[in-house]
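The values are calculated or read from the model by the stated rules, or taken from the named source; none is laboratory data. Quick caveat: nothing in here was measured; it's all calculated off a predicted structure. Here the Cβ positions follow ideal geometry from the backbone for every residue, glycine too, while neighbour counts run over all protein chains shown. Calculation scope for accessible area: heavy atoms of the full protein, side chains included, ligands and nucleic acids excluded. Shrake-Rupley method; radii C 1.70, N 1.55, O 1.52, S 1.80 Å.
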Amino acid sequence: MKSKILPTSIKGKVVGLPTSKTTQHAAKKKATEIAQHYETYFHPMVALSDDDVQSVYRLRHDVYCEELGFEPTNDERVERDEFDDYSDYCLVRHKSSNTFASTVRVVAPSCAQLLPLEKYCEGAITDEELHPQNFAREDVCEISRLALRATFRRRKTDKFKDSAVGGININELYEEELRCFPFITASMYLAATVLVERHNIKHAYVMMEPRLARSTALLGIKFQQIGPVVEYHGQRAPYYITAEKIRSDLPITLKPLMDMIEREVNASLSTSQIVGAQESMLYRGNS
């Protein structure tokens, strides 16, 4: 039976590695290699075009409707709900196959619009101080509909049900392949963080399986549970986090990956703004 390296609990240190200066230097180098390896095969982006948004809905249909049965299938093969009217989406594209491996959305309400957990899990939040109703609508969001295509769950142990919505099999977490697969899930939360920051949103909420919360914590993304586990597409609990906390808790392991994701997300948004301005100028020139 293989022995496993126990993770360190020291803030800012590398998950699963010793914390001496020598190993920290080696870990920084390894973290850079991880980010470069990820960037070689995957491209994080914001879904801005109609085609990309439809890809989000089709991927969610594959995972949430066909694979997990959380929602009924439909002839259009898209999974969409009322919250998509005020959501932004992140995608991870697999470069060599030009297919989308994963997606997540940021639901950003305004006025009287609700978060999904407010509509479907009313009463689940027991921490009254952190209840979204305490804050202005423009200051809250929900990170939801995380979906990971089955093709990109590399290990046999990744075939368990929760892995479809980002869960990681903790029993296998410290194997060598940790360097690749779990960071697809982490990259979606990091990309969502960039969107949250761009919108100046102060408070983020997630309904997730406790196993996924433990998994992301081991990677350095630490959600705060603010209510008990309830039944909602399986056993889930409400969690709270801020972009500031994600940044402050980010371990060495994820910093180069975060830098790369932030660069790519901002580049995709900047390209969209340039194209939008060009189209606007063309329209004015033809009017």
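Residue-wise test of (1) assigned to a helix (DSSP H, G or I); (2) in contact (Cβ under 8 Å) with a residue 40 or more places away in the chain.
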{"site": "ILE201", "(1), (2)": "no, yes"}
{"site": "ARG214", "(1), (2)": "yes, yes"}
{"site": "PRO238", "(1), (2)": "no, yes"}
{"site": "ARG263", "(1), (2)": "yes, no"}
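Condition (residue is touching a helix residue (DSSP H, G or I) at 6+ places or on another chain (Cβ under 9 Å), of a type outside the set (A, V, I, L, M, F, W, C) and in a loop (DSSP other than H, G, I, E, B)) applied to the range 136-153: is it met by at least one residue? Checking the range 136-153: at least one residue is touching a helix residue (DSSP H, G or I) at 6+ places or on another chain (Cβ under 9 Å), of a type outside the set (A, V, I, L, M, F, W, C) and in a loop (DSSP other than H, G, I, E, B). Taking the criterion of being farther than 15 Å from GLN225 by Cβ, open to solvent by less than 90 Å² (accessible area, probe 1.4 Å) and in a loop (DSSP other than H, G, I, E, B), the residues of the range 113-122 that qualify are GLN113, LEU114, LEU115. Would you mind stating whether PHE160 is of a type in the set (Phe, Trp, Tyr) and modelled with pLDDT of 95 or more? So PHE160 does not fit the description; no. Among the residues of the range 121-140, just one is under 21 Å from the mean Cα position of the chain (by Cα) and modelled with pLDDT under 95, namely CYS121.
If I filter the range 217-234 down to residues being in contact (Cβ under 8 Å) with a residue 40 or more places away in the chain and assigned to a helix (DSSP H, G or I), which single residue comes out as farthest from VAL106 (Cα to Cα)? First the steps, then the outcome.
Filtering the range 217-234 down to residues in contact (Cβ under 8 Å) with a residue 40 or more places away in the chain leaves 218-220, 224, 226-228, 230, 232-234.
Still in the list and also assigned to a helix (DSSP H, G or I): 218-219.
Working: LEU218: 23, LEU219: 21 Å.
Here the residue is LEU218.
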